[in-house]
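K.L.:
Here you go, one structure.
The values are calculated or read from the model by the stated rules, or taken from the named source; none is laboratory data. Being a predicted model, the structure only gives us computed values, none of them experimental. Counting neighbours? That spans all protein chains shown, and the Cβs are built from the backbone with ideal geometry, glycine included.
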Amino acid sequence: MARRRKHKLPTEPFPASIESLAHDGRGVAHIDGKAVFIDGALPGEAVTFLYTAKRKSHDEGKVHEVISASDQRVPPRCPHAGVCGGCSLQHLDAAQQIQAKQQVLLDNLERIGKVRADTILPPLTGPHWGYRHKARLGAKHVFKKGKVLVGFREKHAPYVADLSRCEVLHPAVGGRIEALAALIQSLSISAAVPQVEVAVGDDTRVLIFRVLEEPGPADRERLADFARRHDLHIYLQPKGPDSVSLLWPDASVLSYTLPDYALELQFLPNDFTQVNPVINRKMIPQALKLLELSGDETVLDLFCGLGNFTLPIAKATGRVVGVEGDAGLVQRARDNAVRNGIDNVSFHVCDLTGDVGAESWLRAKYDKVLIDPPRSGAQELMALLGKWSPERIVYVSCHPGSLARDAGLLVHEQGYRLVAAGVMDMFPHTSHVESMALFVKAGQSIR
């Protein structure tokens, strides 16, 4: 088999005029009619750039020098912004970031789904720094550098970025990147710690160390001492997710509150939870407002997780059914319902990406549905939604492309209108687009 021929990259900077912003936050230019996606460039700018890749359909590059800057350009707060892949938009004014994401959502809806929303919801915004309460950091003992690196991966590369701090992580962790790296370097198994997972609750901050070798007594004591000094809880993960176990202290409870609903939800450190608690506390009331609950409906919550939407909905209506594929999350949801004194909700374990035809919960009639699927969306469920014919569907999305595809199915095949859509700034300084959309059955009144 012939090897794919590699294109030789030019080494000299090229001039470019930036026309627009791509969905991943890179500036778009055209050189000799071919699209070039340029890291660090903004629309309206004149730049020089260095090629980083040449492909059949497009080329890629990174800014070498900004000749004429956009008035939306700001100095990145983090000194690692040009290298670390954790952020891609720190050079763009935060207010413009969310407007760009709103446009990505609307463009996707129109281009992929062939739909337009009657109303554009105002963006939900929150803090731009220290907002991340969940993260998975890489760790690597680079012997040539004589140090351990801890952080996100470099942009478009598999290497761990050389960070001293992280401005978007919760300060309890983001401000201690160097101390965390020094801790790992002090361990006898420093080369066998490839990952550190971060989970932050309202009152507890957790680090999960992935360990490929068993830490000895001295290593365990170093880890425990670090936890004591920095008010952290530390877990070890020697194998898969089920192997996570607490090292220090003797007991650890993670939880977050939803004050608007007098709820406290407990979770395990490697459970899925929303990374940005401020936005989470704003998007739940928005979702319930869009559902227009009157107090006596039966509501279905698909991909319900540990009850983040389910339990607030249960406080505002007659009955709620939550469905989730992760059995552990379903158990946490049930426990959270009991703990909060909620008895009008039931939860079911079901792989919603597979054949759900035999599930008992399918046979109920649902007045309204909330759906919060993974990045791949919920294409398999669109026909079922049409069959149930709920009055309203609120769709919470973490990928505008899959939302747009599913929106097209609901509108063009299942008889719904896309009444409202808008974005939520769940991940400032990144190109990630989180959004919410409301679909109403054709013929239903809209208040």
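K.L.:
Take VAL321 and tell me if it is touching a Ser or Thr at 6+ places or on another chain (Cβ under 6 Å), in contact (Cβ under 8 Å) with a residue 12 or more places away in the chain and among the aliphatic types (A, V, I, L, M).
P.N.:
Working: touching a Ser or Thr at 6+ places or on another chain (Cβ under 6 Å): yes; in contact (Cβ under 8 Å) with a residue 12 or more places away in the chain: yes; among the aliphatic types (A, V, I, L, M): yes.
Against the criterion (touching a Ser or Thr at 6+ places or on another chain (Cβ under 6 Å), in contact (Cβ under 8 Å) with a residue 12 or more places away in the chain and among the aliphatic types (A, V, I, L, M)), VAL321 qualifies.
K.L.:
Pull up segment 147-184, narrow it to residues that are assigned to a strand (DSSP E or B) and among the charged types (D, E, K, R), then point me to the one that is surrounded by the most Cβ atoms within 10 Å (Cβ to Cβ). Talk me through it step by step, then tell me what you get.
P.N.:
Of segment 147-184, the ones assigned to a strand (DSSP E or B) are 147-151, 153-154, 160, 169.
Still in the list and also among the charged types (D, E, K, R): 147, 153-154.
Numbers: LYS147: 17, ARG153: 15, GLU154: 19.
Ranking the candidates gives GLU154 first.
K.L.:
Take the conditions assigned by TED's automatic domain parsing to the domain that holds GLY307 and without any contact (Cβ under 8 Å) to a residue 12 or more places away in the chain and apply them to LYS289. Does it pass? Steps first, please.
P.N.:
Details: assigned by TED's automatic domain parsing to the domain that holds GLY307: yes; without any contact (Cβ under 8 Å) to a residue 12 or more places away in the chain: yes.
Here the answer is yes, as LYS289 does meet what is asked.
K.L.:
From (1) in contact (Cβ under 8 Å) with a residue 12 or more places away in the chain; (2) farther than 30 Å from THR257 by Cβ, pick out the condition that doesn't hold for GLY146.
P.N.:
Failed condition: (1).
K.L.:
Criterion first (surrounded by fewer than 16 Cβ atoms within 10 Å (Cβ to Cβ), of a type outside the set (S, T, N, Q) and modelled with pLDDT of 95 or more) does ALA287 satisfy it? First the steps, then the outcome.
P.N.:
Details: surrounded by fewer than 16 Cβ atoms within 10 Å (Cβ to Cβ): no; of a type outside the set (S, T, N, Q): yes; modelled with pLDDT of 95 or more: yes.
Considered against the rule, which asks whether it is surrounded by fewer than 16 Cβ atoms within 10 Å (Cβ to Cβ), of a type outside the set (S, T, N, Q) and modelled with pLDDT of 95 or more, ALA287 comes out as no.
K.L.:
Follow-up. Might you let me know whether segment 361-368 holds any residue that is closer than 16 Å to LEU302 by Cβ, of a type in the set (Ser, Thr, Tyr) and without any contact (Cβ under 8 Å) to a residue 40 or more places away in the chain?
P.N.:
Just the residues of segment 361-368 that are closer than 16 Å to LEU302 by Cβ, to begin with: 361-368.
Now restrict to residues that are of a type in the set (Ser, Thr, Tyr): 366.
This time we only want the ones that are without any contact (Cβ under 8 Å) to a residue 40 or more places away in the chain, so: none.
Scanning segment 361-368, I find no residue that is closer than 16 Å to LEU302 by Cβ, of a type in the set (Ser, Thr, Tyr) and without any contact (Cβ under 8 Å) to a residue 40 or more places away in the chain, so the answer is no.
K.L.:
Just to be sure, is TYR416 among the hydroxyl-bearing types (Ser, Thr, Tyr) and in contact (Cβ under 8 Å) with a residue 60 or more places away in the chain? Step through it out loud before you land on a result.
P.N.:
Values: among the hydroxyl-bearing types (Ser, Thr, Tyr): yes; in contact (Cβ under 8 Å) with a residue 60 or more places away in the chain: no.
Criteria not met by TYR416.
Yes or no, residue by residue, for (1) under 15 Å from ALA16 (Cα atoms); (2) aromatic (Phe, Trp, Tyr); (3) in contact with a Cys (Cβ under 8 Å, 6 or more places away or on another chain); (4) modelled with pLDDT under 95:
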| residue | (1), (2), (3), (4) |
| --- | --- |
| VAL47 | yes, no, no, no |
| ALA53 | no, no, no, yes |
| SER57 | no, no, no, yes |
| HIS64 | yes, no, no, no |
| SER68 | yes, no, no, no |
| ARG73 | no, no, no, no |
| GLY82 | no, no, no, yes |
| ALA94 | no, no, no, no |
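K.L.:
Hey, could you check segment 398-428 for residues that are part of a loop (DSSP other than H, G, I, E, B) and charged (D, E, K, R) and say which is nearest to GLY386 (Cα to Cα)? So that I can check it myself, show each step before the final result.
P.N.:
Residues of segment 398-428 that are part of a loop (DSSP other than H, G, I, E, B), as a first pass: 398-399, 413-415, 425-428.
Checking which are charged (D, E, K, R) leaves us with 413, 425.
Working: GLU413: 8, ASP425: 30 Å.
For segment 398-428, the residue satisfying everything is GLU413.
Per-residue answers, yes or no, for (1) within 22 Å of CYS78 (Cα to Cα); (2) aromatic (Phe, Trp, Tyr); (3) crowded, with 16+ Cβ neighbours inside 10 Å:
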position: PHE14; (1), (2), (3): no, yes, yes
position: SER20; (1), (2), (3): no, no, no
position: PHE37; (1), (2), (3): no, yes, yes
position: ALA41; (1), (2), (3): yes, no, yes
position: TYR51; (1), (2), (3): no, yes, yes
position: VAL66; (1), (2), (3): yes, no, yes
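K.L.:
Now for a different question. Out of everything in segment 251-265 that is closer than 20 Å to ARG136 by Cα and not hydroxyl-bearing (Ser, Thr, Tyr), what residue ends up being farthest from the chain's Cα centre (by Cα)?
P.N.:
To start, the set of residues in segment 251-265 that are closer than 20 Å to ARG136 by Cα comprises 252-256.
Add one more test, that the residue is not hydroxyl-bearing (Ser, Thr, Tyr), and what stays is 253-254.
On the way: VAL253: 23, LEU254: 19 Å.
Looking at residues that are closer than 20 Å to ARG136 by Cα and not hydroxyl-bearing (Ser, Thr, Tyr), I get VAL253.
K.L.:
Under 6 Å between Cβ atoms, which residue pairs at least 6 apart in sequence (or on different chains) link something in segment 74-92 that is under 21 Å from HIS133 (Cα atoms) with a partner that is of a type in the set (Lys, Arg)?
P.N.:
From residues that are under 21 Å from HIS133 (Cα atoms), the pairs are GLY85/ARG153; GLY85/LYS155.
K.L.:
Can you name every residue in segment 283-315 that is among the charged types (D, E, K, R), outside any loop (DSSP other than H, G, I, E, B) and out of contact with any helix residue (DSSP H, G or I) (no Cβ under 7 Å at 6 or more places or on another chain)?
P.N.:
Our first condition is that a residue be among the charged types (D, E, K, R); within segment 283-315, this holds for 289, 292, 296-297, 301, 315.
Next, only the ones that are outside any loop (DSSP other than H, G, I, E, B) stay: 289, 301.
Scanning segment 283-315 gives a single hit, LYS289.
Residues checked against (1) touching a helix residue (DSSP H, G or I) at 6+ places or on another chain (Cβ under 6 Å); (2) surrounded by 20 or more Cβ atoms within 10 Å (Cβ to Cβ):
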| residue | (1), (2) |
| --- | --- |
| ALA358 | no, no |
| TRP361 | no, no |
| LYS365 | no, no |
| VAL369 | no, yes |
| ASP372 | no, yes |
| LEU418 | yes, yes |
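K.L.:
Looking at segment 125-146, which of its residues are assigned to a strand (DSSP E or B) and under 26 Å from ILE38 (Cα atoms)?
P.N.:
Taking segment 125-146 as the starting set, the residues that turn out to be assigned to a strand (DSSP E or B) are 132, 134-142.
Across segment 125-146, the qualifying residues are LEU137, GLY138.
K.L.:
When only residues in segment 429-447 that are in contact with a strand residue (DSSP E or B) (Cβ under 8 Å, 6 or more places away or on another chain) and in a loop (DSSP other than H, G, I, E, B) count, which is modelled with the lowest pLDDT? Walk me through how you get there before you give the answer.
P.N.:
Step one: list which residues in segment 429-447 are in contact with a strand residue (DSSP E or B) (Cβ under 8 Å, 6 or more places away or on another chain), which gives 433-442, 444, 446.
Adding the requirement that they be in a loop (DSSP other than H, G, I, E, B) leaves 433, 442, 444, 446.
Details: VAL433: 97, ALA442: 82, GLN444: 65, ILE446: 58.
Checking each candidate, the answer is ILE446.
K.L.:
Another question, if that's okay. Scan segment 73-91 for residues that are buried (at least 19 other Cβ atoms within 10 Å of the Cβ) and in contact with a Gly (Cβ under 8 Å, 6 or more places away or on another chain) and jot them down.
P.N.:
If the condition is that a residue be buried (at least 19 other Cβ atoms within 10 Å of the Cβ) and in contact with a Gly (Cβ under 8 Å, 6 or more places away or on another chain), then HIS80, CYS84, GLY86, SER88, LEU89, HIS91 are the ones that fit.
K.L.:
Could you pull out every one of the strands (runs of 3 or more DSSP E) wholly within segment 19-124 that has 2 or more residues that are among the hydrophobic types (A, V, I, L, M, F, W, C) and more than 28 Å from LEU403 (Cα to Cα)? Reasoning before the result, please.
P.N.:
Details: elements: 27-31, 34-39, 46-54, 59-68.
Hits in segment 19-124: 46-54, 59-68.
K.L.:
Within segment 374-381, can one find any residue that is crowded, with 16+ Cβ neighbours inside 10 Å, in a loop (DSSP other than H, G, I, E, B) and without any contact (Cβ under 8 Å) to a residue 40 or more places away in the chain?
P.N.:
yes
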